[in-house]
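Chemist: Here's a structure for you.
The values are calculated or read from the model by the stated rules, or taken from the named source; none is laboratory data. The structure presented is a predicted model; accordingly, all values stated were derived computationally and were not measured. All Cβ positions, even for glycine, are placed from backbone atoms using ideal geometry, and neighbour counts span all protein chains on display.
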Amino acid sequence: MQPYFFPYIGYFQLIAAVDLFIIYDNIKYTKKGWINRNRILLNGRDMPFTLPLKGASDFLDLREREVAADFDRDKLVNQLRGAYAKAPQFKRMFPVLEEILRHPEANLFEFLRNSIIRMCDIIGITTRIVVSSTIAIDHELKSQDKVLALCQAVNAQAYVNAIGGMELYSKEEFRARGIELSFIRSKPFVYPQFGADFVPWLSIIDVLMFNSPESIRECIRSNFELI
């Protein structure tokens, strides 16, 4: 799975549901995806926030991209403070988020990996996380072929993917290699957001700001289905 910038809770449900989570560093960066952007709640509406990147070729891998030298960490920190200062879990969570955002790493992949690992620590997810390029396979393989090669290299008997991968992977192809393929589908997780209409599927930041550690862990453990 590729890394994302403070992804939604379903990403962490996927990590928690497996014994080994392989995070891609040697795939192409995609401009229109969620790798370096997400959404928070501001004044009752969803608002995008972005991790700015240094200009570079569209053909570079994630691990070859860098965070912009002029990334204004103070601005983003203050944006989050303004959005969530009155949230019930703000005092507990904000120092951790600020620490993550002020991480000095310039490499995009390493910055994102650090944020995901720190979020897992906070939530209580103990799944082992491995970087894709450290696994000995033919890394010129693409899509399903690459996933199958990674699974076989780590002797996986089952592979779990996000629900969006249903059209990308074939259960028959995996089963032919002795691997059971499943997809994780998150169930709605609704909670109070300053008394306004609920805005779903925001960044994990929103979940952490409004929910106790116990309710988050319960959602991570059980509020999904495997299909």
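Chemist: Taking strands (runs of 3 or more DSSP E) that fall entirely within the range 117-227, which contain at least 3 residues that are in contact with a helix residue (DSSP H, G or I) (Cβ under 7 Å, 6 or more places away or on another chain)?
Modeler: Ranges flagged: 158-162, 180-186.
Chemist: If V96 meets every condition in (1) over 21 Å from Q13 (Cα atoms); (2) in a helix (DSSP H, G or I); (3) touching a residue at least 12 places away in the same chain (Cβ under 8 Å) apart from one, which number is that one?
Modeler: (1)
Chemist: Quick check on my filter: what residues within the range 140-175 are surrounded by fewer than 16 Cβ atoms within 10 Å (Cβ to Cβ) and either over 22 Å from the mean Cα position of the chain (by Cα) or of a type in the set (F, W, Y) (or both)?
Modeler: E140, L141, D145, Q152, A153, N155, Q157, S170, K171, E172, E173, R175
Chemist: With respect to I123, determine if the residue is in contact (Cβ under 8 Å) with a residue 60 or more places away in the chain and over 18 Å from I35 (Cβ atoms).
Modeler: yes
Chemist: Return the residue satisfying two criteria in turn: it lies in the range 72-93 and is without any contact (Cβ under 8 Å) to a residue 60 or more places away in the chain and crowded, with 18+ Cβ neighbours inside 10 Å, and of such residues it is nearest to F5 (Cα to Cα).
Modeler: L76
Chemist: Could you check, for the range 37-45, whether at least one of its residues is touching a strand residue (DSSP E or B) at 6+ places or on another chain (Cβ under 8 Å), without any contact (Cβ under 8 Å) to a residue 40 or more places away in the chain, crowded, with 16+ Cβ neighbours inside 10 Å and of a type in the set (D, E, K, R)?
Modeler: Yes, some residue in the range 37-45 is touching a strand residue (DSSP E or B) at 6+ places or on another chain (Cβ under 8 Å), without any contact (Cβ under 8 Å) to a residue 40 or more places away in the chain, crowded, with 16+ Cβ neighbours inside 10 Å and of a type in the set (D, E, K, R).
Chemist: Still on this structure, I have one more. Got at least one residue in the range 57-67 being among the aromatic types (F, W, Y), farther than 20 Å from E99 by Cα and buried (at least 19 other Cβ atoms within 10 Å of the Cβ)?
Modeler: No; the residues of the range 57-67 include none that is among the aromatic types (F, W, Y), farther than 20 Å from E99 by Cα and buried (at least 19 other Cβ atoms within 10 Å of the Cβ).
Here is a yes/no grid of residues against (1) within 15 Å of I227 (Cβ to Cβ); (2) of a type outside the set (A, V, I, L, M, F, W, C); (3) touching a strand residue (DSSP E or B) at 6+ places or on another chain (Cβ under 6 Å); (4) touching a residue at least 60 places away in the same chain (Cβ under 8 Å):
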position	(1), (2), (3), (4)
H139	no, yes, no, yes
Q144	no, yes, no, no
A149	no, no, no, no
Q157	no, yes, no, no
G164	yes, yes, no, no
I179	no, no, yes, no
V190	no, no, no, no
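Chemist: Return the residue satisfying two criteria in turn: it lies in the range 211-227 and is closer than 22 Å to L97 by Cβ and either crowded, with 20+ Cβ neighbours inside 10 Å or among the basic types (K, R) (or both), and of such residues it is farthest from the chain's Cα centre (by Cα).
Modeler: The residue in question is N211.
Chemist: Right, another one. When residues of the range 5-42 are filtered for being closer than 23 Å to S222 by Cα and among the hydrophobic types (A, V, I, L, M, F, W, C), how many remain?
Modeler: Counting residues in the range 5-42 that are closer than 23 Å to S222 by Cα and among the hydrophobic types (A, V, I, L, M, F, W, C) gives 12.
Chemist: Still on this structure, please answer the following. If you go through the range 94-136 one residue at a time, how many are of a type in the set (K, R), closer than 20 Å to V67 by Cα and surrounded by fewer than 18 Cβ atoms within 10 Å (Cβ to Cβ)?
Modeler: Here the count works out to 2.
Chemist: Same structure, new question: Across the range 192-210, what is the total count of residues that are on the phi < 0 side of the Ramachandran plot, at pLDDT 95 or above and either exposed (fewer than 13 other Cβ atoms within 10 Å of the Cβ) or not hydroxyl-bearing (S, T, Y) (or both)?
Modeler: Total satisfying the criteria: 13.
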